[in-house]
Amino acid sequence: MEEGKKINWRDKPTRADRWSDDATYILYVDENGDSNLKNIVKNIDYGKKIDENDRYFNICTTLISRENHNNIASSLVEIKHKYWNNGMYEYKDGLKTVCLHSDEIRKQLGPFSKNTIDQNSFLNDLNHAMKEMDITIFDCFVDKALFYQKYYSNAKEPYSIGMEYILERIVNRIGDNDKVMIVCEGIGKREDYIVLNTIKLLMSRGTYYVDPKKFKKITGVYFNSKRTFDSSKSYIGLEVADLCAYPIYKYCRYNHKDQAFYIIEEKIHGYPLYEGRGLKFVP
């Protein structure tokens, strides 16, 4: 991201293309699953079977300092240029910069097809880059069925409770003079407003555990897609959060640590005792 003027973000979900002037960190946010409780509530209240694919929701965030951001971006851009001409790929809807999307990588789709790249070489390079990154991960995994059964009508919006847990830990983790800019992947008007309003409320009221003054370290909340408007560049931090999110979701749901999880495990806040700290299970 380039230096520039602060963007007015408080009124509605807003896109950011620059660092906030006073931000020393950026927190990138990605998720797995649907945060909506509607179907879970309906099935439980009417005694119907719960869809396991709708049951779990995960928020994964990666905290990157201003001083480390360029090195991280450069390492992934270098990989893109190694495997695709100028880091670009001809998608069905036109030429675009390659986005390191974990779902496409796993399924070998588009630019990640075995007919396009040497997959073993690419994965080795990507794993090495991820291992070398100086990032800190904060994650919240919600079992929506257990969550609703515990709180019923008092159950908060899962996205809201997840961000609350994560941000409590982050504002305590960074220094008193630090500021953090939050960049979420925009996933929909409803969800984006929930996140924005949750964070604004934290900044004004705080929580039972954290004074509102600490939440003043948040300098802006933004909602971006993974690519710029012209698709010529990507927001590397959102790609990093995406690459971290699924291995953690998989571990939380199936209690299985795969290679991708082991690569990032030490980056989870509080490692090796990260459960309840950098990795929060709800309820």
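Things to note:
- Matching label, Cα extents along the principal axes in Å computed from the structure shown, candidates (i) 53, 46, 39; (ii) 81, 43, 38; (iii) 52, 46, 33: (i)
- This ranking places Asp34, Asp103, Asp178 by how few other beta-carbon atoms lie within 10 Å of each, fewest first, which gives Asp103, Asp178, Asp34.
- Pairs from Lys144/Lys189; Lys12/Lys179; Lys38/Lys217; Lys131/Lys156 whose Cα-Cα separation, in the structure shown, is over 24 Å: Lys38/Lys217; Lys131/Lys156
- Global form of the range 175-283, assessed from the alpha-carbon gyration tensor, a/c cut-off 1.5: oblate
- For the range 225-283, a crude dipole built from +1 on the beta carbon of Lys and Arg and -1 on the beta carbon of Asp and Glu, taken about the Cα centre, is about 120 debye to the nearest 20.
- Net charge dipole size for the chain [Lys, Arg +1 and Asp, Glu -1 on Cβ; Debye, nearest 20]: 780
- Neighbourhood net charge (14 Å Cβ-Cβ; Lys/Arg +1, Asp/Glu -1) for Asp51: +3
- Dipole check for the range 1-127: with +1 at the C-beta of Lys and Arg, -1 at the C-beta of Asp and Glu, and the Cα centre as origin, the magnitude is about 340 Debye.
Each value in this text was obtained by applying a stated rule to the coordinates, not by laboratory testing. Nothing here was measured: the structure is a model prediction, and the numbers come from that model. Virtual Cβ from ideal backbone geometry, glycine too; neighbours counted across all protein chains shown.
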